[in-house]
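The block underneath contains the structure these notes are about, expressed in structure tokens.
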Amino acid sequence: MTKSYAILPCNGLDKCAGCITKEVAVKLAENTESEIICPVLYRVADARYSKIAAEKPLLVLDGCATRCASKLASEKGLRISEKLNVTDEAKANNIKLGSSLKLGTAEEELVNNIVDKLSKEEEKAEISEAGMFPVDLEYETYQKDKFIFKVPKEGFYFNENDSWVYVAGNKARVGVTDYVQHSLSDIMFFTPPSVGNEVSQFDEVGTIESGKAVYEVISPVSGTITAVNDTLSQKPELINESPYEQGWIAEIELSDFENDKDFICDFDEYFKILKRKVDEFHV
């Protein structure tokens, strides 16, 4: 592994999956210069652990579908660089997790597999998909009560429907803003648009659903859908955890971006819109 992590593991040590996340975190910390963020102490030692999370790429290790570590990261407004769910990894490796808190041979093998997998994926993390889209973003934040809203400062455009677009040549990637994921809370379903569909500016480009509402994603640009983020079908929560990066919705080949720009705004304008919405609606 070429760089170290800030590791936020599951705190469910009363379950086998939680014990596995602990062992993965310990092994990574032993083998690298990674630092472990204690999910229990983080609630009472916020400044110390937030500093660690800000200095290193954040690796979130969830034990099960409860996603307690991911939810804590979201609550603290942290940007997740890597995320892994132990229960999903166990299924992928045909390992049935039992009720024992003592790790057996199969569980130890799973720990080693996960550590190896994270090492390989980490080497890929420096390169964006298609080589066009950013992997390291600088954010401006706006806080209201316990909620922290993030907006990337450069390279993005936004519409007043709280969708974003990042343009690279004649290609664009679109998604929803941090304001949307906070408003919806835990996102449970993602319905993608169809690849090959032609869309006009303000057409729907997929829907996302939480326990609160079904939300239509409104395209900031016009063009042809060339790709969708298939990962969201299995992990829609990525929209909550990483709305501007891993939680992107679709890629579009642009058809009329010069005219589309008349109805989208840059960071400065959208940040004012965001603050007004947050203050008015008390999200």
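The values are calculated or read from the model by the stated rules, or taken from the named source; none is laboratory data. Because the structure is predicted, anything quoted here is derived from the model rather than measured. No Cβ is skipped: glycine too gets one built from the backbone with ideal geometry, and neighbour counts run over all protein chains shown. When the accessible area is computed, the model is the full protein with side chains, heavy atoms only, and any ligands, DNA or RNA have been set aside. Shrake-Rupley method; radii C 1.70, N 1.55, O 1.52, S 1.80 Å.
If you filter the range 59-71 down to residues that are at pLDDT 85 or above and surrounded by fewer than 21 Cβ atoms within 10 Å (Cβ to Cβ), you find that the one that is farthest from Leu110 (Cα to Cα) is Cys68.
Are there any helices (runs of 4 or more DSSP H) wholly within the range 154-247 with 1 or more residues that are without any contact (Cβ under 8 Å) to a residue 40 or more places away in the chain and among the hydroxyl-bearing types (Ser, Thr, Tyr), and if so which?
Hits in the range 154-247: 231-234.
Taking the range 19-40, which residues are touching a residue at least 60 places away in the same chain (Cβ under 8 Å) and crowded, with 18+ Cβ neighbours inside 10 Å? Can you show your working first?
Keep residues of the range 19-40 that are touching a residue at least 60 places away in the same chain (Cβ under 8 Å), which gives 19-21, 23-24, 27-28, 31.
Selection gives Cys19, Ile20, Thr21, Glu23, Val24, Leu28.
A single entry from Arg79, Arg43 fulfils the requirement of being surrounded by fewer than 19 Cβ atoms within 10 Å (Cβ to Cβ), of a type in the set (Lys, Arg) and over 18 Å from Ser242 (Cα atoms): Arg43. Can you tell me which residue in the range 141-154 is farthest from Ser183 (Cα to Cα), limited to those that are buried (at least 16 other Cβ atoms within 10 Å of the Cβ) and over 16 Å from the mean Cα position of the chain (by Cα)? Restricting to residues being buried (at least 16 other Cβ atoms within 10 Å of the Cβ) and over 16 Å from the mean Cα position of the chain (by Cα), the top hit is Tyr142.
Hey, any hits in the range 105-122 for a residue that's open to solvent by 30 Å² or more (accessible area, probe 1.4 Å), in a loop (DSSP other than H, G, I, E, B) and on the phi < 0 side of the Ramachandran plot? No, the range 105-122 contains no residue that is open to solvent by 30 Å² or more (accessible area, probe 1.4 Å), in a loop (DSSP other than H, G, I, E, B) and on the phi < 0 side of the Ramachandran plot.
Of the residues examined, Ala90 is one that is over 20 Å from Glu241 (Cβ atoms), among the aliphatic types (A, V, I, L, M) and in contact (Cβ under 8 Å) with a residue 40 or more places away in the chain.
Given the structure, is Glu138 open to solvent by 70 Å² or more (accessible area, probe 1.4 Å), touching a Phe, Trp or Tyr at 6+ places or on another chain (Cβ under 9 Å) and modelled with pLDDT of 70 or more? Considered against the rule, which asks whether it is open to solvent by 70 Å² or more (accessible area, probe 1.4 Å), touching a Phe, Trp or Tyr at 6+ places or on another chain (Cβ under 9 Å) and modelled with pLDDT of 70 or more, Glu138 comes out as no. Only residues that are farther than 23 Å from Val151 by Cα and at pLDDT 85 or above were counted across the range 39-58, and they come to 4.
Somewhere in the range 63-85, is a residue over 16 Å from the mean Cα position of the chain (by Cα), part of a helix (DSSP H, G or I) and closer than 29 Å to Gln181 by Cα? No - not one qualifying residue is present in the range 63-85. The condition of being open to solvent by 20 Å² or more (accessible area, probe 1.4 Å), without any contact (Cβ under 8 Å) to a residue 40 or more places away in the chain and outside any loop (DSSP other than H, G, I, E, B) holds for only one of Asp279, Asp268, that being Asp268.
Flag not set for Ser255, criterion: among the hydroxyl-bearing types (Ser, Thr, Tyr), in contact with a helix residue (DSSP H, G or I) (Cβ under 9 Å, 6 or more places away or on another chain) and open to solvent by 10 Å² or more (accessible area, probe 1.4 Å). Out of the range 201-237, which residues are of a type in the set (S, T, N, Q), surrounded by 15 or more Cβ atoms within 10 Å (Cβ to Cβ), modelled with pLDDT under 95 and in contact with a helix residue (DSSP H, G or I) (Cβ under 7 Å, 6 or more places away or on another chain)? Ser210 - this is the single residue of the range 201-237 that is of a type in the set (S, T, N, Q), surrounded by 15 or more Cβ atoms within 10 Å (Cβ to Cβ), modelled with pLDDT under 95 and in contact with a helix residue (DSSP H, G or I) (Cβ under 7 Å, 6 or more places away or on another chain).
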